[in-house]
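Participant: Right, I'll just put the structure down here and ask away after.
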């Protein structure tokens, strides 16, 4: 009898044991266990009435299922996303690739290791899930098993995706950012077209419905019996399809990763840099890039903060030439959406279009903001640049203001890119101009919160990878977590709790201002802005204290 | 022709040498009873040194000896628990901002930024040091020429070889024209050619009037450039002075080496040599080199007698020579005494 191939894989055991020894894994497991248990304890019936319709158990099961799914989405991708790029940075990948272990074995070890780790992490919520089963309204075949399969499907899919991105990335931080961006797109943006198209028929509707199989949200809605919400949004998709699609995606990306894992992967020359000052195509390049990266930069003028200029020129993510292109694309999209909404060429309605513009902006803020903020100080410490700044005659305030300005200006630039769309809307329908103003204030508060929270996390982290993962997790928990509470408005969460939770979320405030479906019943301004400003003040204060301490002599 | 050089030119040569003497005797870096404690651990214990203008101080010690602690205090990144340190008359712990203007510091880590070209890197640090834009442009050209990196100015910093990065690091420290350069392990990880180039660059900087404090583990390299040496172990200064002074203090005995023919039995030869020297202490054997080495205070004629007696005793001596003690021996002597 031969031993199973997987069990004798040294990479698997090292991966799993290494991850399980980490305090981050223990913290993640504790967080999942605490949140899922708390949700059950808070809603556990205290009276002696019999629930004949079995709705009580489902009301508890629903938030538990979604909370665990969100935890899987937020916590598990961080592990595979750093698995291969981390090895490359440490120099151990070359040792592995030059050993008799095949690339398939290395990959399978990594994939199975991360998949098992994910399973261990979400399995700590099993007591909470079975508590719902014990109440009597939740069945194993109808609810528990499908939920576990969906969670396993998510884990498998995100592990394969994370490893593929990790193989392609040059740094752990870039890999984390891309992995979270892809997973957010898969989970949220994939249901966007379906929400916009609504209950229409035709090929567009079929295509948008097919896209929803990429997201676990419709599958979870199906399992937890909240199809009403899904159908109201025009989303219908079964959990079986989600599991099948997840496995298919995982296999596809696994094959792609195995093909890429090769010693040649390490044989990449560093770009030496080339300046094209007197090139015949220089003006073409300027038009194409808007800010040509191959043009010789001028000296930093005395009236500009040098730290801010340096950030725009050198940061790993969000360099000026890419930003300008992104802003241009956003401006075009917002204009098109505004014209479509206001001229009524499509019966989508102004509220839906405005909501999609807000979602687009929040999505971009969430994609760029945490990464920029998380890089602010941690990357400086990591690269050794902080030591040089400390030894230079520059004040804490100048460093901090330069860093924060570079992030804030970037995010404001992104917000500004959608201004043409809002202006067009206000011009065609002057009644919405007040609402548009409030939406922009809310989005500015969101940008400030994202900037200061992620920069604060960065100041307290020693590596950009940890800082990026923590920032994304914190901000997603704040923005997506409060939205999750809103999804379960009515039951199990009461209206007061939902409104208070939404006060923490500037995106929800913006949605309520434009009277997006489901948000028009809440009155969140100006209280929500004040809450946002208080959060910004606390984060800013913590950041300033930490930066001041870091610049002081030891 | 030289003997008939004009009086004025001879006078000016005299003047220069007198000037140089004054120049060299002016103390630029001074520490007095410098002590740094972290809780119960004493990282630096009463360190007192003086370095004159234009000198190169070689700061030697094993890992954890207190070199980096001293450097951090000198550049204003750390405060001493007691004692004082001044550079060009500026107190390092009281005037942190002013000290940054008189010192150019190159840490052991380069501190590069992604996607940054060499001239952008220097421009950024020039702006940090508030050098006016036009002056900054000229100064960047100047330091690139001094460090021989002008051809690299459009290259990305992270794409440069380690040796080139070290040169760019020195160019960065020179930007604000500091009086003192403090370089932490500048020759670390450099290939032989880059090491020679680095040595020449440091000598050039010292000749231009800069005072240098250099730490290194590559002691033969240091011995070639340093006027003054400080050996530190376990936070304490074990030796300080010119190389000659340190060598005389730490290695008072000369060392001789006897190389024997391949068929000679080394153990037997050692016994014979011990009987001739009237002791066998300190005679070491190197099997690979087929040599015997011994420390001695004997005169040249006494050693000549020892050699002739060895030959008369039938020992097949192929070489008999003095082994010059160097900084490495001095350091090993200190390390052995503190172990």
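The values are calculated or read from the model by the stated rules, or taken from the named source; none is laboratory data. Being a predicted model, the structure only gives us computed values, none of them experimental. All Cβ positions, glycine included, derive from the backbone under ideal geometry; neighbour counts span all protein chains shown.
Participant: Give, as residue ranges, the helices (runs of 4 or more DSSP H) completely inside region B:46-136 that count at least 3 residues that are more than 9 Å from chain A (Cβ to nearest Cβ). Give the steps one after another, and end with the answer.
Facilitator: On the way: elements: B:67-74, B:96-102, B:118-128.
Those helices (runs of 4 or more DSSP H) span B:67-74.
Participant: Checking residue B:180 against (1) at pLDDT 90 or above; (2) more than 11 Å from chain A (Cβ to nearest Cβ); (3) more than 27 Å from the chain's Cα centre (by Cα), which single condition isn't satisfied?
Facilitator: Tallying (1) at pLDDT 90 or above; (2) more than 11 Å from chain A (Cβ to nearest Cβ); (3) more than 27 Å from the chain's Cα centre (by Cα), residue B:180 fails exactly one: (3).
Participant: Name the residue, out of A:459, A:391, A:455, that is without any contact (Cβ under 8 Å) to a residue 24 or more places away in the chain and within 21 Å of residue A:305 (Cα to Cα).
Facilitator: A:391
Participant: Mind checking which residues of region A:136-147 are outside any loop (DSSP other than H, G, I, E, B) and crowded, with 18+ Cβ neighbours inside 10 Å? Give the derivation first.
Facilitator: Kept after step one, since they are outside any loop (DSSP other than H, G, I, E, B), are these residues of region A:136-147: A:140-147.
The answer is A:143, A:144, A:146, A:147.
This table checks each residue for (1) in a helix (DSSP H, G or I); (2) outside the structural domain of residue A:404 (by TED's automatic domain parsing); (3) at positive phi; (4) crowded, with 20+ Cβ neighbours inside 10 Å.
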residue: A:444; (1), (2), (3), (4): yes, no, no, no
residue: A:458; (1), (2), (3), (4): yes, no, no, yes
residue: A:462; (1), (2), (3), (4): no, no, no, no
residue: A:465; (1), (2), (3), (4): yes, no, no, yes
residue: A:479; (1), (2), (3), (4): yes, no, no, yes
residue: A:500; (1), (2), (3), (4): yes, no, no, no
residue: A:517; (1), (2), (3), (4): no, no, no, no
residue: A:525; (1), (2), (3), (4): no, no, no, no
residue: A:537; (1), (2), (3), (4): yes, no, no, no
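Participant: Now for a different question. Mind telling me which of the residues B:333, B:291 ends up being surrounded by 15 or more Cβ atoms within 10 Å (Cβ to Cβ) and in contact with a strand residue (DSSP E or B) (Cβ under 6 Å, 6 or more places away or on another chain)?
Facilitator: Numbers: B:333 fails: in contact with a strand residue (DSSP E or B) (Cβ under 6 Å, 6 or more places away or on another chain).
Result of the check over B:333, B:291: B:291.
Participant: Now for a separate question. Among the residues of region A:213-234, are any in a loop (DSSP other than H, G, I, E, B), touching a helix residue (DSSP H, G or I) at 6+ places or on another chain (Cβ under 9 Å), at pLDDT below 70 and at negative phi?
Facilitator: Yes: one or more hits.
Participant: In region A:44-80, what residues are part of a loop (DSSP other than H, G, I, E, B) and modelled with pLDDT under 85?
Facilitator: Going through region A:44-80, the residues part of a loop (DSSP other than H, G, I, E, B) turn out to be A:44-54, A:76-77.
Selection gives A:44, A:45, A:46, A:47, A:48, A:49, A:50, A:51, A:52, A:53, A:54.
Participant: Quick check on my filter: what residues within region B:137-159 are more than 10 Å from every other protein chain (Cβ to nearest Cβ) and either part of a helix (DSSP H, G or I) or modelled with pLDDT of 90 or more (or both)?
Facilitator: Start the filter on region B:137-159 by keeping residues that are more than 10 Å from every other protein chain (Cβ to nearest Cβ), which leaves B:138-139, B:141-151.
Within region B:137-159, B:138, B:139, B:141, B:142, B:143, B:144, B:145, B:146, B:150, B:151 meet the criteria.
Participant: Is it the case that some residue within region B:211-225 is out of contact with any helix residue (DSSP H, G or I) (no Cβ under 8 Å at 6 or more places or on another chain) and under 16 Å from residue B:51 (Cα atoms)? Break it down into steps so the answer makes sense when it comes.
Facilitator: Of the residues in region B:211-225, the ones out of contact with any helix residue (DSSP H, G or I) (no Cβ under 8 Å at 6 or more places or on another chain) are B:211, B:217.
Keeping just the survivors that are under 16 Å from residue B:51 (Cα atoms) gives B:211.
Within region B:211-225, one or more residues are out of contact with any helix residue (DSSP H, G or I) (no Cβ under 8 Å at 6 or more places or on another chain) and under 16 Å from residue B:51 (Cα atoms).
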